[in-house]
1. Helix 36-46 against the longest principal axis of the chain: what's the angle in degrees, Cα atoms only, rounded to the nearest 10?
2. Kindly rank 83-95, 116-128, 140-152 from highest to lowest mean number of other beta carbons found within 10 Å of each residue.
3. For Cα pairs less than 8 Å apart in space and 6+ apart in sequence, what is the mean separation divided by the residue count of the chain, i.e. the relative contact order in percent?
4. Before rounding to the nearest 500, sum -39500 (n - 2.57) across all DSSP H runs of length at least 4 in the chain and divide by the residue total; then give [θ] at 222 nm in deg cm²/dmol.
5. Expressed as an acute angle from 0 to 90° and rounded to the nearest 10, what is the orientation of the C-alpha long axis of helix 138-148 relative to the principal long axis of the chain?
6. Once both axes come from the Cα atoms, what is the angle between helix 198-207 and the longest principal axis of the chain, in degrees from 0 to 90, rounded to 10?
7. Express in whole angstrom the spacing between the alpha-carbon centres of region 134-158 and region 1-75.
8. I need to check one value: relative contact order of region 1-77, counting alpha carbon pairs closer than 8 Å and at least 6 residues apart, in percent.
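What follows draws every value from the coordinates through simple rules; no lab data is involved. Note that the structure is predicted; figures quoted are calculated from it, not measured. As a convention, Cβ positions derive from the backbone with ideal geometry for all residues, glycine included, and neighbour counts pool all protein chains shown.
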Ligand code: SAM
């Protein structure tokens, strides 16, 4: 069917592509993607030969309008280099404009590094806040961390190897006792999830400079979720679905 399809792709292990994703990518007229070489490899792996077109957040209004116009009459897919589009990736403006134009938007769920890290870290996950990438500059990074300080939830950040140690030191200065996890190279051969205080992890990664892609997670302030009985809330919510 015509419309815009937001298609999640693997974050490392190609086996994580969904059956539905392959169907939609094969059946659509055009795949908008960040990098045709990256997506080309995935398509080849899946035996899909659909035409690709570059699309990212720097696309002009006219380019975006043309994609939306095409999606009025044909199925058009949006993918990013890896994982779920729009999650620290391009696509928000395209979805916003498609909705405004009355074009059907369908989202195909799949891999997302933030969620994969969250399910691996063993930190409280009744409430979490995805905070994307921390700013590179020290002052801006400190401001963002200070802003997040009072939040009673696990914080999830995207991070890069060269910046990990600095971020861990900043977190250690602000929250020396919180539980922290570093989830690296998720779904790939050298997947690793290491937990400890920010200080301990900073020390470790100073000695072993991390390679690859990283999700950094910080547990809530101690006792932050204690007053928040998630089992009771879950039971209450589920009760609404029980046949009476
Ligand atoms: N849209 C993607 C998603 O759904 O996860 C995220 C795109 S963002 C530009 C890229 C960042 O995601 C990386 O710098 C890293 O922080 C995180 N990431 C992506 N793949 C990862 C993996 N396999 N393991 C750990 N982190 C990953």
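1. 80
2. Working: 83-95: 19.8, 116-128: 18.2, 140-152: 13.8.
The most tightly packed comes first, giving 83-95, 116-128, 140-152.
3. Details: 428 pairs, mean separation 48.7, N = 244.
20 percent.
4. Numbers: 9 runs with 96 residues, N = 244.
When only DSSP H runs of four or more count, the value is -12000 deg cm²/dmol.
5. 90
6. So the helix axis and the longest Cα principal axis differ by about 70 degrees.
7. Taking the Cα centre of region 1-75 as reference, the centre of region 134-158 is 33 Å away.
8. Numbers: 93 pairs, mean separation 36.9, N = 77.
Normalised by residue count, the contact order of region 1-77 is 48 percent.
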